[in-house]
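Please treat every number below as a calculation from the coordinates, not as lab data. Note that the structure is a prediction, hence the values are computed from the model and not measured. In this analysis, Cβ positions are derived from the backbone assuming ideal geometry, glycine residues included, and neighbour counts consider all displayed protein chains.
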Amino acid sequence: MDHKPVNHCICVCWRYNLNPGLSFASRPFLIPYFCASILTSSMIHNFNAGPSILPKEVFEQAAAAVLNFNNSGLSILEFGHRTPEFTAVMEEARNLVKVLMQLDDNHEVLFLHGGASTQFMQVPMNLLDSKDVAAYADTGVWSSKAIKEAKLFGKPEIVCSSKDRSYTYIPKDFAVPNDAKYLHITTNNTIYGTQWQNIPHTSNSMVADMSSDILSRELDFNAFDLIYAGAQKNMGAAGVNLVVVNKNILGKIKRPIPTIMDYRNHINEGSMLNTPPVFAVYVCLLTLRWLKAEGGVSEMEKRNTQKAGLLYDEIDRNTLFRGTVEKADRSKMNACFVMEDTSLEPAFLAFAKTRNIAGIKGHRSVGGFRASLYNALPLSSVQVLVDAMQEFEDLNKK
Ligand code: PLP
């Protein structure tokens with residue numbers, strides 16, 4: 001599914017309908033023709049790892065709101081964030097997260113500036129004093145970056161690592177020190193295509209970076225004291241972070257925390273301590289509404305399982321391709337694979353492009369291919385990729 005032509009079409013329609021000063025408006029009969037020609041142009045199957053595919057209706061509604069938010073005649077980009085209309089957006093988005101994740105009353109939902117990388121430092125800044133130990137699972141680049149930041153505020157201890165085999169598996173047996181303030185895991189490792197299928201049971205607080213699998217599967221989210229996720233994969237536009245935090249773990253350290261970094265201040269101000277990233281929050285709201293209407297997290301899990309099953313079955317069957325991670329730890333969000341004969345990889349990429357498949361080039365540190373299967377990606381796009389792999393196999397039969 002390609003949303004870009006649809007977006008473009010809607011923007012053009014709105015723009016020229018709303019602004020009579022533009023010459024296109026004097027020739028409105030051209031608009032349907034223009035839209036139709038864009039709509040019938042190529043349909044792209046978007047496997048990008050992030051920013052990534054969102055539902056078509058989210059793009060349509062977001063595009064409309066850029067031109068006319070809530071029938072106000074104003075763009076959402078020029079709308080005051082303290083107005084009742086935007087406050088309602090923020091409140092609905094926070095409530096929808098609570099409902100979709102079935103959070104209890106101890107858990108607060110915040111939409112904060114910055115990517116997930118900001119949380120690498122904001123988490124230890126709020127939870128650790130300088131002598132406090134925190135346990136970290138090292139499952140790739142993103143957890144390593146989180147560990148690096150934690151060193152600025154406390155004593156992170158790496159309790160397990162899959163570095164020995166290039167992060168191609170999830171560590172299984174490890175112990176967490178009793179005195180560790182929390183155990184931090186990265187639930188889905190976007191670059192390598194591994195995912196924690198079983199969340200570790202520990203008496204310590206659990207903190208998770210869920211940037212690339214948030215709202216993609218059912219978990220006991222209340223078992224986590226802090227969850228963070230950059231929105232740009234499964235939730236919305238880049239520029240905003242979802243933070244879910246158990247308020248009971250806050251306020252336990254002595255270090256002064258800068259006002260804007262202290263989660264408690266954001267909670268007290270209803271996630272409106274300063275100007276929020278209004279458009280990014282609005283796109284999250286639209287995506288959350290879509291997710292609920294489609295059947296919620298359980299339905300997403302069902303779809304994601306089906307999509308991942310279809311693709312991994314083909315990776316395992318096809319003589320040209322091979323998965324790169326341990327089967328039990330395969331991610332349902334990012335499927336990583338290579339070719340047995342790596343010299344064929346550029347040819348397959350070019351072949352996939354002729355089938356309108358975009359975004360499957362693997363991360364530079366892993367190589368090969370990575371197909372991201374986020375919530376909004378339809379099963380039909382995965383089928384197109386599988387068909388392309390089969391055709392390419394036929395073409396390359398010795
Ligand atoms: N954590 C994970 C699991 C990611 O996949 C990413 C980015 O892809 C990040 C953190 C960093 O996110 P950001 O670029 O929003 O800071």
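For the reader, a short list of remarks on this structure follows.
- Whole-angstrom gap from the range 342-390 to the range 144-197, using each part's C-alpha centre: 29
- The slack in the chain from E393 to K56, taken as 0.36 nm per residue of separation less the alpha-carbon distance, amounts to 118.1 nm.
- Scanning the chain for GluC sites (Glu not before Pro) in DSSP loops with at most 15 neighbouring Cβ atoms within 10 Å leaves 1-217 as the longest stretch between them.
- Each Lys or Arg adds one and each Asp or Glu takes one away; over the other residues whose Cβ falls under 12 Å from the Cβ of H266, this sums to 0.
- Applying 0.36 nm per residue to the separation of V141 and E326 and subtracting their alpha-carbon distance, the gain on full extension is 64.8 nm.
- Counting other Cβ atoms within 10 Å as a rough exposure proxy, the listed residues D173, D220, D138 run D173, D220, D138 from fewest neighbours to most.
- Label zone at L310 (point 7 Å along Cα-to-Cβ), backbone N below 15 Å, the range 353-371: 357-358, 371
- Label-to-label distance, nm, for residues given as K151 and S72 (7 Å Cα→Cβ offset): 4.6
- Only Lys, Arg, Asp and Glu carry charge here, each on its Cβ (+1 for the first two, -1 for the last two); on that basis the range 84-293 has a dipole of about 400 debye about its Cα centre.
- Annotation: extensible slack from E269 through N222 equals 14.7 nm (criterion: 0.36 nm per residue apart, minus Cα-Cα distance).
- Between Q383 and N198, the FRET efficiency estimated from the beta carbon spacing at R0 = 25 angstrom works out to 0.25.
- Relative contact order %, the chain, counting alpha carbon pairs below 8 Å whose residues are six or more apart: 20
- Net charge over other residues, Cβ less than 9 angstrom from the Cβ of K332 (K, R count +1; D, E count -1): +1
- Cβ crowding within 10 Å, taken as a proxy for footprinting-reagent exposure, orders W142, W290 from fewest neighbours to most as W290, W142.
- Shape call, the range 296-395: gyration tensor on alpha carbons, a/c limit 1.5: prolate
- The range 296-395 - charge dipole about Cα centre, Lys and Arg +1 at Cβ, Asp and Glu -1, debye rounded to 20: 420
- The helix-only estimate of mean residue ellipticity at 222 nm for the chain, built from DSSP H runs of length n ≥ 4 each weighted as -39500 (n - 2.57), is -12000 deg cm²/dmol after division by the residue total.
- When the convex hull of its Cα atoms is viewed from all sides, the range 147-294 shows a mean projected area of 10.2 nm².
- What you get for the chain, charging only the Cβ of Lys and Arg (+1) and of Asp and Glu (-1), is a dipole of about 660 debye around the Cα centre.
- Here the chain is treated as a Stokes sphere of Kirkwood radius computed over C-alpha pairs; at 4 °C and 1.567 mPa s its diffusion coefficient rounds to 58 µm²/s.
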